[in-house]
Structure formats: structure tokens, C-alpha cells
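Let me begin by presenting the structure, written as C-alpha cells, before commenting on it.
Coordinate-derived values only; no laboratory data. Source: prediction; values computed, not measured. Note: ideal-geometry Cβ built from the backbone for every residue, glycine included; neighbour counts use all protein chains shown.
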Amino acid sequence: MIVATIGSHSALQILHGAKKEGFQTMVITDNRRKEFYKNFSFIDYILAYTNLDEAVSLINEIKDNGILIPHGSLVEYLGKERVDRIETKIFGNRRIFEWEADQKKKMELLRKSNIKIPEVFERPEDVDRLVIVKLNGAKGGKGYFLARNKSEVKEGIRKLIETKIIRDENEVIIQEYVVGVPMYFQFFYSNIINRTEIFGIDIRYETNMDGLKRLPFEYSKELNINPTFVVVGNIPAVARESLLPVALEYADNFVRTTKELVSPGMIGPFCLESIVTDNSDIVVFEFSGRIVAGTNLYVNGSPYSWLYWDEPMSMGRRIAREIKIANEKDRLSLVVS
Ligand code: AMP
């Protein structure tokens with residue numbers, strides 16, 4: 001069996017892990033990155049495309065003997081319509097993509113899971129505090145802005161429309177800006193062994209927000225620079241142990257809700273992107289229903305994955321392990337869609 005993925009995001013980790021679990025590995029990549037992937041001996045096949053329709057055809061070439069591992073770049077690169085044309089089995093529940101791409105549906109899933117979330121404002125007129133205005137989909141923070149009142153929200157949206165980043169205000173979500181520290185809790189849900197594992201925690205390194213923090217306040221005030229949130233890397237973190245039971249309870253609730261609303265529910269990796277406040281509340285402002293790039297920090301296992309497995313277990317390897325266990329139990333159909 002071949003484990004394949006698109007050449008971007010967390011492809012190296014995914015394929016490294018698949019090789020460790022004894023699978024053949026394949027990267028399907030933009031032709032310009034072909035040489036890059038040749039550097040890694042754990043990749044057995046490198047298939048290059050020059051356009052995105054060709055990428056779909058290449059993925060479909062392994063429909064009888066392959067499994068595609070989705071990551072954050074899959075839907076963003078190929079677009080929903082092309083992803084719908086993928087005939088090869090995809091690890092996890094592909095119905096989750098649609099919920100993830102829609103900020104409103106996304107928040108509904110969290111709300112129904114009894115997870116604390118920021119206040120969401122339906123219209124700019126409703127805004128009564130500091131907010132963050134975000135775009136749909138996994139854009140890595142691009143285009144986001146902070147606004148202190150309704151007129152700043154309206155002005156920011158007007159600019160986004162003017163610069164053709166969005167067509168109308170329905171494409172943004174307006175959220176209360178939660179003050180605290182970010183912690184992105186990564187999980188793996190196994191429907192084969194019926195367990196949610198806390199895998200790791202990361203913090204996104206965001207420019208220029210993290211850069212502004214380095215400047216003395218008078219300087220940033222003087223420069224009058226608006227904070228932006230473009231993700232350029234990830235930093236590892238561990239949480240106070242007392243936060244973990246709440247995080248895990250949230251994760252279990254989330255899995256349960258997805259089973260009800262997005263049958264057969266969450267399968268495999270996901271992440272609850274949170275802000276932890278000074279009264280130790282975990283406020284989740286977003287989720288990712290697939291492997292997140294923050295797991296790339298833990299290619300040799302994380303402080304938490306060690307506790308479950310007692311061996312170096314990356315998220316990529318965990319996915320491959322799940323496929324292996326499911327296959328051995330003749331239950332592969334439960335982990336793919
Ligand atoms: P996202 O694309 O939703 O993951 O957001 C990108 C970044 O914006 C996050 O990593 C946070 O730094 C910040 N952010 C997003 N939503 C909120 C929020 N409601 N409160 C505070 N910070 C947020």
C-alpha cells in the first residue's frame with residue numbers, strides 16, 4: 001500500500017512516519033519542488049504536476065492501492081471542486097473539510113461541543129469591543145485585522161473589498177479578540193481503539209504581531225503599525241498539567257459532536273486553536289480537522305506522544321500506525337473516506 005500526500009505543509013513528516021511504519025511513500029508535488037523532495041530517502045515516488053487538474057489525475061492514479069493523507073494545503077491549493085474529484089481514499093472524514101472551510105459552521109461545531117468560544121458578531125454594527133476580523137479558510141492569518149470599534153471594522157472590510165481580497169462582508173468573521181496567550185492543542189482521535197490522545201501543543205509565530213511585541217510600546221505606538229497575523233513558523237509549548245483535563249474534555253466533546261453532525265465524525269488528527277486567559281479558561285477560537293503544521297515540531301515524538309507510545313511517535317507516524325492497525329483488524333474502511 002502507498003501512503004501519498006501533496007508536497008507542502010507537513011508532507012515530510014507524514015511520509016517519514018509512513019516509511020517508519022513500513023509503507024511505500026509518494027509525494028505529489030508542484031514541478032518546481034521536485035528537486036527539493038529528492039533530498040529525502042524515505043520518499044519512494046515523486047510525481048510532479050504543472051497544473052492543479054493534473055495533480056488530481058496523479059492522485060487518482062493510486063486509487064486502487066493508495067491512501068492520500070490530507071493536510072492544511074490540500075483544500076487551499078486544489079480548491080473544493082477538485083478535492084471532490086479525488087477518487088483515491090483519503091485518510092479521515094472528508095466531509096469535515098466543508099465544515100472547516102466555513103467559519104460559521106466551524107463555530108457552530110465548537111459551540112455545540114460545550115467549548116468556550118469568543119463572542120461572534122454577525123454584523124459590523126453589533127461590535128462593542130476589540131475584535132479580530134478573519135477570512136474564511138486556512139489562509140495562514142493573511143488579511144486579518146484588529147478593530148477597536150464598528151467604524152474600524154467597516155473601514156477594514158471596505159479595504160479588503162477594494163483590494164479584491166474579498167467580494168463582500170459575508171466572507172469575514174468578526175470575533176471578540178480574547179486577551180491571553182495562544183496555545184494550539186493538537187489531538188489524535190482513534191475510532192479503532194476509541195481514544196482521544198493529546199498529541200502536543202504549539203504556538204504560531206506570527207508576523208508582524210510577534211515582531212511588534214519586541215518593540216518598546218512607545219515605538220510601536222509612534223510607528224502606528226497595524227498588527228497582522230501571518231503565520232511563518234511554530235514554537236513548541238507544554239501546558240500546566242492542570243489545563244490538560246479541560247483540553248482533553250473539550251477534545252472528547254468535539255469528537256462526539258462531529259459524530260452527530262458530520263457522520264462518521266472526526267477521525268485522526270485535529271487541533272483546537274485556543275487562547276488561555278488569566279483565569280485559566282481555554283477559549284477556542286478555531287479548529288483544524290486534520291494534521292496541523294505545528295506538529296512538524298515533533299518529528300521525533302512530542303512530550304505527550306511519548307506518554308502514550310513510549311517510542312518516538314510523530315503525528316505522521318501516528319496516522320500511519322492507525323492505518324496499519326486498522327488494516328490488521330480488517331477495518332481499514334473505518335479510517336478512510
Ligand atoms: P486563525 O487563522 O483563526 O488561526 O487566527 C490566526 C491568529 O490570529 C491566531 O493564531 C491568533 O494569534 C489570532 N487570533 C485569532 N482569533 C483570535 C481571537 N478570537 N482572539 C485572539 N486572537 C485571535
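Can you pick out the pairs among 104/159; 34/324; 63/134; 80/134; 150/221; 63/112 whose Cα atoms lie more than 25 Å from each other? Let's see the in-between values first.
Values: 104/159 22 Å; 34/324 28 Å; 63/134 36 Å; 80/134 20 Å; 150/221 21 Å; 63/112 36 Å.
Beyond 25 Å: 34/324; 63/134; 63/112.
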>> For a Förster distance of 45 Å, can you work out the FRET efficiency between the beta-carbons of residue 195 and residue 32, rounded to the nearest 0.05?
In response: 0.65
>> So if each residue of separation counts as 0.36 nm, and I subtract the Cα-Cα distance between residue 105 and residue 214, what length gain in nm does that give?
In response: 35.7 nm
> Does anything in region 317-337 have its amide N under 16 Å from the 7 Å Cα→Cβ label point of residue 308, and if so which residues?
Replying inline: 317-326, 335
> So which aspartates and glutamates can residue 105 reach, going by Cα to Cα under 12 Å and dropping same-chain residues fewer than 8 places off?
Replying inline: 286
> For 212, 160, what ranking results if the residue with the fewest other Cβ atoms within 10 Å of its Cβ goes first?
Replying inline: 212, 160
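Need one word for region 40-79: rounded, prolate or oblate. Basis is the Cα gyration tensor (sqrt eigenvalues a ≥ b ≥ c); a/c below 1.5 gives rounded, then a/b vs b/c decides. Show your work: numbers first, answer last.
Values: a/c = 1.41, a/b = 1.29, b/c = 1.09.
Taking the square roots of the gyration eigenvalues as a ≥ b ≥ c, region 40-79 is rounded.
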>> I want the antiparallel fraction of DSSP beta bridges within the chain, as a percent rounded to 5.
In response: 70
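Would you calculate a helix-derived [θ] at 222 nm for the chain, using -39,500 (n - 2.57) for each DSSP H run of n ≥ 4 and dividing by the full residue count, to the nearest 500? Please list the in-between numbers first.
Values: 13 runs with 112 residues, N = 337.
Value at 222 nm, helices only: -9000 deg cm²/dmol.
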> Does anything in region 53-84 have its amide N under 13 Å from the 7 Å Cα→Cβ label point of residue 337, and if so which residues?
Replying inline: 70, 84
> Do you know the relative contact order of the chain, to the nearest whole percent, from alpha carbon pairs under 8 angstrom that are 6+ apart?
Replying inline: 21
